[in-house]
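In what follows, a structure is listed as structure tokens, so that the remarks can point back to it.
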Amino acid sequence: MPSSRVVRVRSVHEGVAAASLRSGIEGIRAELGVTPEFPGDVEATARESAAAPVLPELDRTDLPMLTIDPPGARDLDQALHIARDGDGYVVHYAIADVAAFVRPGDPVDLEARRRGETLYGADAAVPLHPRVLSEDAASLLPDRVRPALLWRIEVDAEGEGTAVLVERALVRSRAQLSYAEAQEQIDAGTAPESLRLLAELGPLRLAREAARGGVSLPLPDQEITVDGEHWRLTFRRRLPVEEWNAQLSLLTGYAAATLMLHAQVGLLRTLPPADPRDVQRLHRTAHALGIHWPAELLYPDFIRTLDPARPHHAAMVVACTRLLRGSGYTAFDGELPEQAQHAALASEYAHVTAPLRRLGDRFAGEVCVAVCAGRPVPEWVREALPSLPGLMRDSARVAGAHERAVLELAEAGILHERVGEEFAAVVVDVDDDNPRRGEITIEDPAVEATLRADEDLSLGAEVRVRLVSASVEERRIELALVPGTATGGARVGSAQQGGQPASTGSASHGEEHPPRG
């Protein structure tokens, strides 16, 4: 399958293409049985709780917090404030307090358990919670006083967390910035203190990740632009501030895991260690792609040398997702799990920073608040823990199908006017069982697609393909290899490699944030 890139809509201007996009999205939702609408009792309960949340006594609206999100986002889970503390830092990270609005067993809670997570696709979302909560009353919108789980994390001069406390508090964000706005302020020297310190702390945290042996795949986003009758899909490399902001979520997730493991109760995000045979396979893949990988260089360090702007490096990044598949959730209560680590992050880790968009975060956050307060974990949380890994696994399956369908729709929309044209592409994956089937990346337009050829494909080969057909209604494109155009590359099959089929699920560069549309 393609490489799990995040697909965002950059802009939509009304016209035939926009109507086709929205019609296609509606069709995808119908096929998957998902809807942005909520049953009447769920909406009614949400409106009632939005008007009467359970508010904490602690008031920390004095902290000049801010949010950094994609432009136009309204489901704002996190707000940050960073201050210098000697030669280190104090990070305040406010997380939307969904439990202040959602009561255990009420219609909103039950519907959230059925949905599992927000689904993003094109210019619309299928939210986890009714919008009166997720995009209004519970969202950390600017200049609104909101209940939050306020994390206070002390960080030393090397970027390592040294102490943590999380408690309920009222907070107020002062500004909502897009990634581009935040980066512009940092680059221009006009950023507030929190952003200036984020630009210091973010690289320190990235260095700690590298020293620990953690790994992030540099997968670019894909952005859709729809204008009149035309579609356009482009790759977008992430800004430095996005990486730094993500590191705060990871820092909080590590702290949460430490608290839960100490208390022997909680919900971890886990990933088993990479199979050595898969690592050997990737060494051979690098050789086939002509990329030097010294034997003594560990794979996390090797991945950091890759530049996805270079086609063969992009193919290598796709191949490396094999090592990051199989992630899931592990619940425990009274006995520590056998496998507690997230191998890609080289640490114990928990999801706690996106409760508006991800079901499990609400329960994991409640565990951490109770542990810090020295109180028993609420019984409603303990009762739910055993079922959460299965609920999250099922919702991830739906989210993956939704994301793939949206991408297929966008690619068909982009290409439907170009039937008969030829494109330059690179083979980024070859089917272990059928060497005439593989995945290709076309740089312009930015499309990943399946290619079925009349001859064996070679990993890393530069090829030319002809677009045979493209149907927006069926979300399908058909490509044919232009005979005699393949150059370079090498066959890397399972028999030759001893590689194993990848398991389902994925953990990639975006582990700390679910995708947003």
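No value in this document is a laboratory result; all are computed from the given coordinates. The shown structure was predicted, so the numbers you read here are calculated from the model rather than taken from an experiment. Heads up, the Cβs are rebuilt from the backbone with ideal geometry, glycines too, and the neighbour counts pull from every protein chain shown.
Against the empirical 2.2 N^0.38 Å (N residues), region 156-229 has a Cα radius of gyration ratio of 1.52. Amide H contacts of Leu217 (H built 1.01 Å from N, in plane; Pro and chain starts excluded): His509 sit under 5 Å, all sequence-distant by 5 or more or on other chains.
Exposure proxy shown here: for Met392, Met316, the number of other Cβ atoms within 10 Å sets the order, fewest to most, as Met392, Met316. Our coupling estimate for region 338-345, obtained by passing each phi through the Karplus curve with A = 6.51, B = -1.76, C = 1.60 and θ = phi - 60°, is 4, 10, 9, 7, 9, 4, 5, 8 Hz, Gly and Pro reported as x.
Under 5 Å between amide hydrogens, built in the peptide plane, is the criterion, and for Ser173 it picks out Asp143, Arg144 among residues at least 5 positions away or on other chains. Each label was represented as a point 7 Å from its Cα along the Cα-to-Cβ direction; for Arg304 and Glu160 these points are 1.6 nm apart. More than 21 angstrom separation, counting every C-alpha pair in region 335-401; what % is that? Of all Cα-Cα pairs in region 335-401, 31 percent lie more than 21 Å apart. Applying a length cut-off of 27 Å (Cα extent along the axis) and a mean Kyte-Doolittle floor of -1.0 to the DSSP H helices of the chain leaves 193-212, 240-263, 388-415. The share of C-alpha pairs in region 340-485 whose separation exceeds 22 Å stands at 58 percent.
Taking only Cα atoms of the chain, what ratio of Rg to Rh do you get with Rh as the Kirkwood inverse-distance radius? With Rg and the Kirkwood Rh in hand, the quotient comes to 0.97. Once you wrap a convex hull around the alpha carbon atoms of region 240-367, what is its projected area averaged over all directions, in nm²? Projected over every direction and averaged, the Cα hull of region 240-367 covers 9.1 nm².
Name the shape class, rounded, prolate or oblate, that the alpha-carbon gyration tensor gives for region 103-216, where a ≥ b ≥ c are the square roots of its eigenvalues, rounded holds for a/c under 1.5, and otherwise prolate holds if a/b is larger than b/c and oblate otherwise. Numbers along the way, then the final one.
On the way: a/c = 1.73, a/b = 1.56, b/c = 1.11.
It comes out prolate by the Cα gyration axes.
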